[in-house]
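Taking it in order: structure first as structure tokens, then the write-up.
The values are calculated or read from the model by the stated rules, or taken from the named source; none is laboratory data. Remember, it's a predicted structure, so these values are computed and weren't measured experimentally. Cβ atoms come from the backbone with ideal geometry, glycine included; neighbour counts cover every protein chain shown. In case anyone asks, the SASA skips ligands and DNA or RNA and just uses the protein heavy atoms, side chains included. Shrake-Rupley method; radii C 1.70, N 1.55, O 1.52, S 1.80 Å.
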Amino acid sequence: SFCDDLGRLVQQVAVQISRNMPEGMYITLFVGFLDTNTGQLEYLNAGHLQPLILSKDGDVRPLGEPRNLPVGPICLEGPGFQASTEMLEPGVSLVVVSDGITESVSDKSEMFGAHRLEACIKTCGLLSAAETVGRIIQDAGDFRGSAPQNDDVTALCLVNQTGIRTESD
């Protein structure tokens, strides 16, 4: 790989980004490398919403524990960035979204929130990654209704296919 230390990689990115970032500003990020032979995910979450894991039996749980500051001038004074690892079992889905989804506000001034996101993901079951992303975006949009969207709406889903045979095998 081009960099075998995620903490060092994110630190270098943080230094470059922070040079032109106004004081008090920051960005969040999630980066990971999945070993498609073993299912091992090495990841680093810098202040981003916790990604969610959808198990084969429909349980949803957060990935890891928050441990890194967002990227910005303040993070350069901290202890640095630390990566984590997680084994993703075959058939497990990893879902990463931006806060533009969880902070979508309906025309009744209600927030979509993490609980609605989790409920939506639970309904995805064995859907493909693309179908899962489509359902999340659709549910957040339906919830928002005619209210304006004030932030980006970004969703990523990865389904670990390690060891799963397909019809083309």
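Points to keep in mind about this one:
- Three principal axis lengths of region 79-169 [C-alpha, angstrom, descending]: 48, 44, 19
- The accessible-area ordering, largest first, of the residues ASP4, ASP35 stands as ASP4, ASP35, per a 1.4 angstrom probe.
- Point-to-point label distance, MET111-ARG19, nm (Cα→Cβ direction, 7 Å offset): 3.6 nm
- Estimated FRET transfer efficiency (GLN12, GLU103; beta-carbon r; R0 25 Å; 0.05): 0.25
- Sulfur and carbon atoms: percent of accessible area, the chain [1.4 Å]: 52 percent
- Two-site label geometry, GLU77 and THR38: point separation in nm, points 7 Å out along Cα→Cβ: 3.8 nm
- Measuring max minus min along each principal axis, the C-alpha atoms of the chain give extents of 47, 47, 25 Å (largest first).
- Heavy-atom surface of the chain, accessible at 1.4 Å and reported per residue (Å²): 58 Å²
- The chain - charge dipole about Cα centre, Lys and Arg +1 at Cβ, Asp and Glu -1, debye rounded to 20: 100 debye
- Relative to the current alpha-carbon distance between GLN50 and ALA119, full extension at 0.36 nm per residue lengthens the span by 23.3 nm.
- Largest accessible area first, the residues ILE27, ILE101 order themselves as ILE27, ILE101 under a 1.4 Å probe with ligands, DNA and RNA left out.
- Helix-only [θ]222 nm of the chain, DSSP H runs n ≥ 4, -39500 (n - 2.57) each, per residue, nearest 500: -7500 deg cm²/dmol
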